[in-house]
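Working notes for the structure below.
The values are calculated or read from the model by the stated rules, or taken from the named source; none is laboratory data. Values in this document were obtained by computation on a predicted structure and should not be read as measured data. Neighbour counts are summed over all protein chains in view; Cβ atoms, including those assigned to glycine, are modelled from backbone coordinates with ideal geometry. Accessible surface areas use protein heavy atoms only, side chains included; no ligands, DNA or RNA. Shrake-Rupley method; radii C 1.70, N 1.55, O 1.52, S 1.80 Å.
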Amino acid sequence: MTPQDNFNFVNAYLKRVSPEIRSHYGIIIKFLGDGMMAVFPEGADDAVLAGVAKQKRVHEYNEERLEKGYLPLQVGIGIHVGHMMLGMVGEENRMQGDAFSDAATNLPSFHGSPT
């Protein structure tokens, strides 16, 4: 795929699954390529329900993709439980929202990225 094809692909996917986070009382903190970090202030039950709904959306999207001759997607979901704090990080010229906690700080190592 070209870089533009990659952006189109990721955005088409996120457009389908992101509403499920919000409809289950989640707040998307940031997108991580084709993934995302979200928090669920009311608890883990909402996160589990959002994960199930997200998988249903992926299944529907895969049906569309198969009809067009594309391979199906396989999506994993990780849910980490613990206290966290939302805030802003960065410096004068670039700021972004983020979440800090023991649970959130360990996320990159669970996804195979260096911390």
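Under the simplified labelling scheme, the LEU49-ASN11 pair shows an inter-label distance of 3.1 nm, with each label point 7 Å from Cα along Cα→Cβ. Counting only alpha carbon atoms, the long axis of helix 44-67 and the longest principal axis of the chain meet at about 20°.
Ligands, DNA and RNA aside, LEU14 has an accessible area near 20 Å² when probed at 1.4 Å.
Compare LYS68, LYS54 by solvent-accessible area with a 1.4 Å probe and give them largest first, with all protein chains kept in place. Walk me through the numbers on the way to the answer.
Numbers: LYS68 145, LYS54 25 Å².
Largest to smallest exposure gives the sequence LYS68, LYS54.
For the pair GLU67 and MET36 in one chain, pulling the backbone fully straight at 0.36 nm per residue adds 8.5 nm over the alpha carbon distance. Most tightly packed first, judged by the mean number of other beta-carbon atoms within 10 Å of their residues, the peptides 36-45, 91-100 read 36-45, 91-100. The order of TYR25, TYR70, TYR61 by accessible area, most exposed first and with a 1.4 Å probe, is TYR25, TYR70, TYR61.
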